[in-house]
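Following: one structure in structure tokens, then a few remarks.
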Amino acid sequence: MKGNLYLKVLSLICLTISLPLISGGHEAGEHGHVNGNEVIASDWVTAGYTGKDTAINMVEENMSDDGISVQGRYVGFGFNWDPRENEMRIGRVTANSPADGVLQVGDLFLEVEGIKVSPENFGKLPFRGLPGKKISAVIDRDGNKLEISIARGTVRGEITKMQVLENMNSGDADSWPAKKFRIIEVLSKNNIVYVLSHAIQTDNIVDLDFMAYTVTRFMFNEDGKVVEVANLTEDRFVLEQTGYSITR
């Protein structure tokens, strides 16, 4: 389970274009292929920092129809919901996660460990904890109340191009751009490109700025389309900068 931070980080993972000045710094190779991939990768990363429409256009034009975005691993249950709503309704269940086969899209959480779910306590519900630990909950599914139990586990998801675009379209355009960012380095080998970037962004929920380095990895097919994108970022450092406590 992830809330507001999920949307913020997902924007960075999946969206991420380069300003013309940055793109113009690449020189085409003899066949223009590998360096062309570097330009696309750099441009893609910059888009995630620049603006919603720019980022969406970049994915639409440069991601293969069968491309995937690899999500970062975390200990949890494997479902997502839209934190902007006044209810905790499941929007997606990650395949092969603890929630897979237990929860369905559209399920509405009513209680978690005996605590009634409300917008005021979304962030206080006992979802976080050690792997293997079970939680009980009451959900509403098509008007019927169901009691469920799920054990936390390691979740690693993959989402399709369509799902990437769905997430991007649900983002807020006004709060999308980073306050400041830079592309530090772009390296490639064969069909793989790595982009190292640094940005200062704002968590609008707590109105605090945070900074983080991010490494974004791209895999291209022979047509120069992105077939896989993943990233590694300073998640814990981001949480600490925005006032979240990390407890045992």
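Key figures
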{"read-out": "Helices (runs of 4 or more DSSP H) enclosed by the range 6-95 - at least 3 residues per element that are at pLDDT 50 or above", "value": "34-50, 52-62"}
{"read-out": "Per-region count, the range 195-237, residues outside any strand (DSSP E or B) and under 23 Å from residue 59 (Cβ atoms)", "value": "7"}
{"read-out": "Top-ranked residue in the range 204-248 [being within 16 Å of the chain's Cα centre (by Cα) and aromatic (Phe, Trp, Tyr); ranked as nearest to residue 182 (Cα to Cα)]", "value": "213"}
{"read-out": "Single residue of the range 175-192 satisfying the filter (under 15 Å from residue 47 (Cβ atoms) and not small (Gly, Ala, Ser)) that is surrounded by the most Cβ atoms within 10 Å (Cβ to Cβ)", "value": "186"}
{"read-out": "Tally, over the range 163-192, of residues that are closer than 20 Å to residue 56 by Cα, at pLDDT 95 or above and of a type in the set (Val, Ile, Thr)", "value": "1"}
{"read-out": "Among the candidates 230, 199, 212, residue that is in contact with a His (Cβ under 9 Å, 6 or more places away or on another chain) and among the small types (Gly, Ala, Ser)", "value": "212"}
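The values are calculated or read from the model by the stated rules, or taken from the named source; none is laboratory data. None of the values given here were measured: they were computed from a predicted structure. We place every Cβ from the backbone using ideal geometry, glycine too, and count neighbours over all the protein chains shown.
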